[in-house]
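Below you'll find the structure, written out as structure tokens, and then a few comments.
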Amino acid sequence: MKVALFATCLTDTFFPRVGQAVVRLLRRCGCTVEFPAAQTCCGQPAFNSGFLEHAAALARRMIRVFERYETIVSPSASCVSMVRHHFPELLAAEPRWCRQAQRLADRTYEFATFAIGRLGLDPAACLKFTEPVTFHYPCHARGIYGAADLQRWLAANPSNEVRIPQHPDCCCGFGGIFAVDYPEISGAMLEDKLDVLVATGARLVICNEAGCALQMLGGARRRSLPLRFKHLAECLAEGLGVLEPVA
Amino acid sequence: MTRNTGFHQRVAAAVADHRLRTAVRKATWQKVEAREGSLACLRNSGELRELAARIRQHTLARLPDYLEQFARNACARGAVIHFAPDAATACQTVVELARYYGSKLAVKVKSMTTEEIGLNAVLEAVGVQVVETDLGEFVVQIDRDRPSHIVTPIIHKDRRQIAEAISRRLGCEYTEDPVGLTRIIRRHLREIFRRCDLGISGVNFAVAETGTICICTNEGNGRMCTTRPRVHVAIMGIEKVVPRLCDLVVFLKLLSRSSTGQPLGSYTSLIAGPKRPGDPDGPEHLHIILLDNGRSAVLASPFAEVLCCVRCGACLNACPVYRAIGGHAYNSVYPGPIGSVLMPLLDSSGKHADLPGASSLCGACRVACPVDIDIPGLLIRLRAAQRRGQSWLKRTMMRLWGVTMRSDPTYRLGQRLLKRLLPDEGDGWTVRGLCPLARWTSARDLLRPPLKSFRQLWQEGQV
């Protein structure tokens, strides 16, 4: 199967290792992976801020960049939900673009649901943790996978000790530009979130969203909390031996 | 808390108030769990929610017809209907009614609509004493505080603060025992109920088919207020109407569950007209004020969906922003997610311009909403509508960002610039960023992008 990687701007810039993990896993599952180099950002920051024509311009660009590919996979549920749910709505006034947006929406998949659901990657076989883990459920994964799915994947291997945080689907306070427009609120939400994660006693947090990771990593470092964050793709790739493990 | 400082200052004060945050955090999570638990007991809560949303949308699409039907049927049952285009007219109507009936002591059922029009102050100014009889609202009133939640007005106070307020203001012995405190207030209110001559309430639902108003309460004070005085004045937003009695059932099943996690509130009063000959109790006169106060304009706007709201407060409880800052920081009658949509629409003075932006758009409000209002979507559309009001800097940054993202060479240039902009303070972290990243680093550190981006690794064949 030929798959195009939609890396997303944050993963590309801040978490290249997550991109590596996704590509290697897809290859291991028998896919041929391409990376359309013209890709930039899905436009979510503009959309969320109400700058809809900037967002529409980027949506059209995304459609052009990915129109040649039958299957598009991304490590970010948030950006996938932008493509799936908001592109058609954003371009609703332009029937031709709207149809294409819908076509792109139908072919764009979030990585974990694609690898586990479509390619049959077995989390029980390749997710082995040597320490207790906890997790953060990214809000924008709603409608793509649930907090219960994430928990089920992590606990698929009975030897894994998954510490369930209180209210795993509570927002970390990132929210894109919200985080810089309202740092006091975003920071307070972050504080609450980190308290809950620390209370689990686990040091390793599975977080599948680059934005949330940027927020929580930064918060944990500011408070000198002993938390580490990893994308599920990194853990899967390490488990399959296609990515050098890191602490 | 001061009232006229800016939103950011109010937020900063709220965030630093750990007592407030602890009280709100505890109470809101408790309510979230209660709501989820009680909805899970329903066989078909998802379908019920869809049905409720459809009924609300249907009603709003034919609102003038249903209002007319409601008014006709309520009149036929002996109620007097008043129409108030704005808050001032609504207040004036109550003042005139109080004057006409010679009322001196009014008792109130908890009502956000009367908060919206600022009724208490207007009545007090013309010499009518007003007593809130909902326990939470009573504490707010005696403590000269403001409600910070649309269902649980003193959610911002912990038990000690409540006990202090009651003993200080009523001059009674200090106790933190909830039963003891309730007894003290009950005794105090009994005397008021004995003397009162005007009852004021809001309306949860108004049934067009029968001209009935429905009031949902928990403490029994609602029935005292609507039966004991000889005059009952009910004030309702024009959006509160439902077509038929059988539609009301759908909302009764959802309202208390969403609000407090109860299957049904302790008291559900259906009031159709004043006391009839032979009735053992009830007011001699029933007046219903239909309040517009900006609602018609909202109904005609692309934001009409917000009028589906049944004021259950579930979105406030679910919202991590509300949980972090409490209700007062919003400085609005309706705080929380629904307030952030509603307030800028009802009051275009710009006073609430900060609210739509102050959300991470996490969507917890939409999940909690019993009538499926797309609050995040409405917030985004409000942000779009407000753009001209945003700062020059923000608009320029956004435009610059848009241009950067529109081609991959400029995007790559942007990535390189970002690395330059971030001073490396060791270990690949930035602790104090330059503007606008200073706003990021005011709340947390910023990870510096690693040496090579994913696309560089890809190009170099390292993937």
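The values are calculated or read from the model by the stated rules, or taken from the named source; none is laboratory data. From a predicted model like this one, the values you see are computed outputs, not experimental measurements. All Cβ positions, glycine included, derive from the backbone under ideal geometry; neighbour counts span all protein chains shown.
Examine region A:27-44 for a residue that is more than 9 Å from chain B (Cβ to nearest Cβ), farther than 23 Å from B:ARG399 by Cα and surrounded by 24 or more Cβ atoms within 10 Å (Cβ to Cβ), and state whether such a residue exists.
No, region A:27-44 contains no residue that is more than 9 Å from chain B (Cβ to nearest Cβ), farther than 23 Å from B:ARG399 by Cα and surrounded by 24 or more Cβ atoms within 10 Å (Cβ to Cβ).
Out of A:LEU194, A:LEU150, A:LEU190, report the one residue that is more than 13 Å from chain B (Cβ to nearest Cβ) and buried (at least 18 other Cβ atoms within 10 Å of the Cβ).
Being more than 13 Å from chain B (Cβ to nearest Cβ) and buried (at least 18 other Cβ atoms within 10 Å of the Cβ) holds for just one of A:LEU194, A:LEU150, A:LEU190, which is A:LEU150.
This table checks each residue for (1) farther than 29 Å from B:ILE380 by Cβ; (2) of a type in the set (Gly, Ala, Ser); (3) touching a Phe, Trp or Tyr at 6+ places or on another chain (Cβ under 6 Å).
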site: A:THR134; (1), (2), (3): yes, no, no
site: A:ALA141; (1), (2), (3): no, yes, no
site: A:GLU161; (1), (2), (3): yes, no, no
site: A:VAL180; (1), (2), (3): no, no, yes
site: A:MET189; (1), (2), (3): no, no, no
site: A:LYS193; (1), (2), (3): no, no, no
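Given the condition β-branched (Val, Ile, Thr), over 29 Å from B:ALA98 (Cβ atoms) and over 14 Å from the mean Cα position of the chain (by Cα), answer yes or no: does some residue in region B:291-311 qualify?
yes
Any idea how many residues of region B:154-205 are polar (S, T, N, Q) and within 30 Å of B:MET236 (Cβ to Cβ)? Full working, then the answer.
First, pick out the residues of region B:154-205 that are polar (S, T, N, Q): B:161, B:167, B:175, B:182, B:201, B:204.
Adding the requirement that they be within 30 Å of B:MET236 (Cβ to Cβ) leaves B:182, B:201, B:204.
Of the residues in region B:154-205, 3 are polar (S, T, N, Q) and within 30 Å of B:MET236 (Cβ to Cβ).
Please specify each residue of region B:51-66 satisfying the condition of being of a type outside the set (A, V, I, L, M) and in a helix (DSSP H, G or I).
Our first condition is that a residue be of a type outside the set (A, V, I, L, M); within region B:51-66, this holds for B:54, B:56-59, B:62, B:64-66.
Passing the criteria: B:ARG54, B:ARG56, B:GLN57, B:HIS58, B:THR59, B:PRO64, B:ASP65, B:TYR66.
Being at positive phi and free of Cβ contacts under 8 Å to residues at least 24 places away in the same chain is the filter here; which residues of region B:117-139 pass it?
The answer is B:GLY127, and nothing else.
Among the helices (runs of 4 or more DSSP H) confined wholly to region B:120-213, which include 2 or more residues that are within 30 Å of B:TYR101 (Cα to Cα) and more than 25 Å from the chain's Cα centre (by Cα)?
Passing ranges, in order: B:178-195.
Tell me yes or no: at least one residue of region B:107-120 is modelled with pLDDT of 95 or more, over 18 Å from B:VAL203 (Cα atoms) and surrounded by fewer than 20 Cβ atoms within 10 Å (Cβ to Cβ).
Scanning region B:107-120 turns up no residue that is modelled with pLDDT of 95 or more, over 18 Å from B:VAL203 (Cα atoms) and surrounded by fewer than 20 Cβ atoms within 10 Å (Cβ to Cβ).
Among the residues of region B:340-356, which ones are out of contact with any Pro (no Cβ under 9 Å at 6 or more places or on another chain) and crowded, with 24+ Cβ neighbours inside 10 Å?
B:LEU342
Kindly indicate which of B:ALA106, B:ALA13 is assigned to a helix (DSSP H, G or I) and either in contact (Cβ under 8 Å) with a residue 60 or more places away in the chain or more than 30 Å from B:ASP158 (Cβ to Cβ) (or both).
The conditions single out B:ALA13.
Within region A:129-172, take every residue that is among the small types (Gly, Ala, Ser) and touching a Pro at 6+ places or on another chain (Cβ under 7 Å) and give me the one that is nearest to A:VAL83 (Cα to Cα).
Residue satisfying both the conditions and the ranking: A:ALA147.
Being of a type in the set (D, E, K, R), in contact (Cβ under 8 Å) with a residue 12 or more places away in the chain, away from chain B (no Cβ under 11 Å) and assigned to a helix (DSSP H, G or I) is true for just one of A:ARG60, A:ARG17, A:ARG84, A:ARG24. Which residue is that?
Values: A:ARG60 fails: away from chain B (no Cβ under 11 Å); A:ARG17 fails: away from chain B (no Cβ under 11 Å); A:ARG24 fails: away from chain B (no Cβ under 11 Å).
Unique residue meeting the criteria: A:ARG84.
Is it the case that some residue within region B:307-323 is farther than 25 Å from B:CYS41 by Cα, away from every other protein chain (no Cβ under 14 Å), surrounded by fewer than 24 Cβ atoms within 10 Å (Cβ to Cβ) and in contact (Cβ under 8 Å) with a residue 60 or more places away in the chain?
yes
Across region B:244-266, what is the total count of residues that are under 24 Å from B:ILE200 (Cα atoms) and surrounded by 17 or more Cβ atoms within 10 Å (Cβ to Cβ)?
So the count comes out to 8.
Which condition number in (1) more than 29 Å from B:VAL131 (Cβ to Cβ); (2) crowded, with 16+ Cβ neighbours inside 10 Å is the one that B:CYS41 fails?
All conditions pass for B:CYS41, except number (2).
Could you grab me the full set of residues in region B:329-354 that are assigned to a helix (DSSP H, G or I), within 14 Å of another protein chain (Cβ to nearest Cβ) and within 12 Å of the chain's Cα centre (by Cα)? Can you show your working first?
So the first thing to find is which residues in region B:329-354 are assigned to a helix (DSSP H, G or I), and the list is B:329-330, B:336-346.
Restricting the remaining residues to those that are within 14 Å of another protein chain (Cβ to nearest Cβ) gives B:329-330, B:336-337, B:340-341, B:344.
Result: B:TYR330, B:GLY336, B:PRO337, B:SER340, B:VAL341.
Of (1) touching an Asp or Glu at 6+ places or on another chain (Cβ under 7 Å); (2) among the aliphatic types (A, V, I, L, M); (3) at the interface with another protein chain (Cβ under 10 Å from one of its Cβ atoms); (4) closer than 17 Å to A:THR113 by Cα, A:ALA4 satisfies all except one. Which?
It fails just one condition, (3).
Quick grid of which residues meet (1) aliphatic (A, V, I, L, M); (2) within 24 Å of B:CYS41 (Cβ to Cβ); (3) in contact with a Lys or Arg (Cβ under 8 Å, 6 or more places away or on another chain):
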| site | (1), (2), (3) |
| --- | --- |
| B:PHE205 | no, yes, yes |
| B:ALA208 | yes, no, yes |
| B:ARG223 | no, no, no |
| B:SER256 | no, yes, no |
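Quick one: A:ARG203 ticks every box in (1) out of contact with any Cys (no Cβ under 8 Å at 6 or more places or on another chain); (2) within 12 Å of another protein chain (Cβ to nearest Cβ); (3) farther than 22 Å from B:ARG439 by Cβ except a single one, so which number is it?
Checking A:ARG203 against (1) out of contact with any Cys (no Cβ under 8 Å at 6 or more places or on another chain); (2) within 12 Å of another protein chain (Cβ to nearest Cβ); (3) farther than 22 Å from B:ARG439 by Cβ, the one that fails is (2).
When region B:67-88 is examined, which residues are found to be surrounded by fewer than 17 Cβ atoms within 10 Å (Cβ to Cβ) and assigned to a helix (DSSP H, G or I)?
Hits for region B:67-88 are B:GLU68, B:ARG72, B:CYS75, B:ALA76, B:ALA88.
In this structure, is A:GLY201 at positive phi and either hydroxyl-bearing (Ser, Thr, Tyr) or not assigned by TED's automatic domain parsing to the domain that holds A:PRO45 (or both)?
Spelling it out, A:GLY201 is indeed at positive phi and either hydroxyl-bearing (Ser, Thr, Tyr) or not assigned by TED's automatic domain parsing to the domain that holds A:PRO45 (or both).
Exactly one of (1) away from chain A (no Cβ under 14 Å); (2) part of a helix (DSSP H, G or I); (3) surrounded by fewer than 18 Cβ atoms within 10 Å (Cβ to Cβ) is unmet by B:PRO277. Its number?
(2)
If you go through region B:443-463 one residue at a time, how many are at the interface with chain A (Cβ under 9 Å from one of its Cβ atoms), assigned to a loop (DSSP other than H, G, I, E, B) and farther than 15 Å from A:CYS9 by Cα?
Qualifying residue count, region B:443-463: 5.
For region A:176-223, how many residues are under 29 Å from A:GLY43 (Cα atoms), more than 15 Å from the chain's Cα centre (by Cα) and in contact (Cβ under 8 Å) with a residue 60 or more places away in the chain?
2
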